[in-house]
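Encoded as structure tokens, the structure appears first; notes follow it.
The values are calculated or read from the model by the stated rules, or taken from the named source; none is laboratory data. On a predicted model such as this, the values are computed, not experimentally measured, just so you know. Backbone-built Cβ (ideal geometry, glycine too); neighbour counts: all protein chains shown. What goes into the accessible areas is simple: the full protein's heavy atoms, side chains included, and nothing from ligands, DNA or RNA. Shrake-Rupley method; radii C 1.70, N 1.55, O 1.52, S 1.80 Å.
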Amino acid sequence: MIYKPEKYAIKDERIKPFIDADEIWNFINKTPSTKQRVREIIQASLDKKRLSLEETAVLLNAEDPDLIEEIKEGARTLKEKVYGERIVLFAPLYVGDLCTNNCQYCGFRSENKGIKRITLNEQQLIEETTALIDQGHKRLILVYGEHPKYTADFIAETVKIVYTVKHNHGEIRRVNINAAPFDIPGFRTIKDSGIGTFQVFQETYHRPTYASVHLGGVKRNYDWRLTSLDRAQEAGIDDVGIGALFGLYDWRFEVLSLVRHVNHFEAVYNVGPHTISFPRIQNAMSLNINKKYLVNDEEFVRLVSILRLAVPYTGMILTAREPIHIRNQVLRFGVSQIDGGTNLELGGYSKGKKQTQDLSMEQFQINDNRSLNEIMDELIKTGYIPSFCTACYRLGRTGEHFMEFSVPGFIKRFCSPNALLTLAEYLEDYAPEDTKKEGYQLINNKISELASHQNVDKLKEKVGEIKAGKRDLYF
Ligand code: SF4
């Protein structure tokens, strides 16, 4: 595919690049971090105020170990306050790995001739979706390379196919997308297929680094990518997901740029992104990156905590890139969504999980190979409520409307009861006996904790209806 820059020029006057590297470095280099200031900012965040770049820089520049512990504790408290104990579960489903870009950190890059190129056909997509439904999933993210074959119509068609698949009591109720940026008409076509969130990660917000790792294809165009979710918003997609690939450049710069991206959306569209992702670089076939900026575990836990405090009501996604011990740690400090039973191999779910990954068939290395039920068990045992909830999306509580609910904390009134209902469905249809026993114990405990809650009687009733065979009940 010939990359014609003029085709990807930003034509819409309202849409302008908004990352100023000097401004970001100025905040990092010139913002002092004192104990008193850090405590004031944690308190502001606990009052659910989104933090400014200056305030976020104060947290980034805190080096005193006690202060870093206070920041983590603040993040833990805020997560509890806004999201309760619920952890939303999803699974990635790779649809096609053809790609004309040449991203030096990715196994699917065009110059990697050793990767097996596959695009699922309709039958394979149905088989993969059925396998995921039979695990117990209700929320998927469909993933595509960037290639002329993966047009907006192609993507819309695959979304519709996934929604048609029903098996026993199971179905997919929310499909999110991780794919290349489109123009406004392209995003509108995908919107109309009934998607939830559209994710585009900037990978790195640092222009020189961006140019040094994106060596081919449309993805070389920094501004086209940076402004892609503005076009998505213009096309009516009000649930968007941003992210950076940590390890390409200085993590503090990427954190501040993500916050800059959030406040850009709020300034222009009066709504922040639905989710933020912060994947760390992992091994991949023909990986070719400078390892100077790799993020260690201690820094990773700090950046998750700081992001949690900086954007109180934006969902935070952590994937199976991270090993179990790190996942369990950062769940406490802000993460609200994780994947479970993940298999990155194209067509891999219906083949059954392999013990070892074959990187000639997968984009990158994952470090959490647990099945969905193993993750369910661990979450239930550690007091989290695993959730497959899609109520907000299906009741139109999205974008600005979602913010109306989440800002004053109402969402907790819906999140926990709905999480318990989707957990009951999972226990009835997919859980082995011991998980079922522990799961209902958790549900009963949580219902007794909700005794003063206005919905508790209705909740008990709905759980009873699910035990009796009804499905898809929510507030
Ligand atoms: S990161 Fe995405 S765009 Fe880049 S090579 Fe991989 S699949 Fe293609």
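Solvent exposure of segment 309-381 amounts to 31 Å² per residue of accessible area, where only protein heavy atoms count and the probe is 1.4 Å. Solvent-accessible area per residue in segment 406-467 equals 46 Å², computed with a 1.4 angstrom probe and all protein chains kept. Rg over Rh for the chain works out to 0.94, using Cα positions for both radii and the Kirkwood form for Rh.
Rounded to the nearest 20, the size of the Cβ-charge dipole of segment 19-91 about its Cα centre is 360 debye, with Lys and Arg at +1 and Asp and Glu at -1.
With the charge dipole of the chain set up from +1 on Lys and Arg Cβ and -1 on Asp and Glu Cβ about the Cα centre, the Cα lying farthest toward the positive end among the listed residues VAL213, ASN176, VAL255 is that of ASN176. About the centre of its Cα atoms, the chain shows a dipole size close to 280 debye [charges on the beta carbon of Lys, Arg (+1) and Asp, Glu (-1) only; nearest 20 debye].
Do any trypsin sites (Lys or Arg not before Pro) in segment 68-115 lie in a DSSP loop with no more than 14 other beta carbon atoms within 10 Å, and if so, which? Provide the component values of the computation, followed by the final result.
On the way: sites: LYS72, ARG76, LYS79, LYS81, ARG86, ARG109, LYS113; in loops: ARG109, LYS113.
The qualifying sites are LYS113.
In sequence order, segment 210-227 has phi-based couplings of 4, 5, 7, 10, 10, 9, x, x, 4, 5, 5, 7, 4, 5, 4, 6, 4, 9 Hz under the Karplus curve 6.51 cos²θ - 1.76 cosθ + 1.60, θ = phi - 60°, and Gly or Pro positions carry x. Only DSSP H runs of four or more residues enter the estimate; each adds -39500 (n - 2.57), and after division by the residues of the chain the mean residue ellipticity at 222 nm equals -14000 deg cm²/dmol.
Absence of a disulfide-compatible partner, taken as no other cysteine beta carbon within less than 4.7 angstrom, is noted in the chain for CYS99, CYS389, CYS392, CYS415. How far is the Cα center of segment 164-221 from the Cα center of segment 88-133, in Å? Answer, in whole Å: 13.
Amide hydrogen proximity for LEU142: with H placed 1.01 Å from N in the peptide plane, the residues at 5 or more positions away or on another chain lying under 5 Å are LEU93, ASN176, ILE177, ASN178.
Any idea how far the Cα center of segment 327-377 sits from the one of segment 135-157, in Å? Measuring centre to centre over Cα atoms gives 18 Å.
How high is the FRET efficiency from SER52 to LYS458, r the C-beta distance, R0 56 Å, rounded to 0.05?
Values: r = 41 Å, r/R0 = 0.73.
Using R0 = 56 Å, I get an efficiency of 0.85.
Taking Cα centre as origin and charging only the Cβ of basic (Lys, Arg, +1) and acidic (Asp, Glu, -1) residues, the dipole magnitude of segment 406-467 rounds to 320 debye.
Figure note: ASP230, ASP472 ranked by solvent-accessible area, largest first, 1.4 Å probe, ligands and nucleic acids not counted: ASP472, ASP230. Taking the charge dipole of the chain about its Cα centre, with +1 at Lys and Arg Cβ atoms and -1 at Asp and Glu Cβ atoms, the residue from LEU331, GLY347, VAL311 reaching farthest to the positive side is GLY347. Note that segment 100-254 presents 31 Å² accessible area per residue, ligands and nucleic acids not counted, probe 1.4 Å.
Look at where the Cα atoms of segment 57-86 and of segment 284-305 average out, and the two centres are 21 Å apart.
Between SER286 and HIS325, what is the FRET efficiency for a Förster distance of 25 Å, r being their Cβ-Cβ separation, to the nearest 0.05?
Computed FRET efficiency for SER286 and HIS325: 0.30.
Note on segment 406-467: dipole from Cβ charges, positive end direction compared against GLN441, ASN418, TYR430; the farthest Cα belongs to ASN418. Between ASP472 and ARG76, residue separation times 0.36 nm minus the direct Cα-Cα distance comes to 139.5 nm.
To put it simply, the accessible area of the chain at a 1.4 Å probe is 51 percent carbon and sulfur. Each of the GluC sites (Glu not before Pro) that DSSP puts in a loop and that has at most 16 other Cβ atoms within 10 Å breaks the chain; the longest unbroken stretch is 112-475. Cα extents for segment 406-467 along the principal axes, largest to smallest and rounded to whole angstrom: 38, 21, 18.
Go through SER33, SER212 and list them by solvent-accessible area, largest first, probe radius 1.4 Å. Walk me through the numbers before you get to the answer.
Numbers: SER33 40, SER212 70 Å².
The residues order as SER212, SER33, largest area first.
Suppose R0 equals 41 Å. What FRET efficiency, 1/(1 + (r/R0)^6) with r the Cβ-Cβ distance, do ASP22 and ASP192 give to the nearest 0.05? The value I calculate is 0.50.
Computed extension length for ALA451-SER360: 27.5 nm, one decimal, from 0.36 nm per residue of separation with the Cα-Cα distance subtracted.
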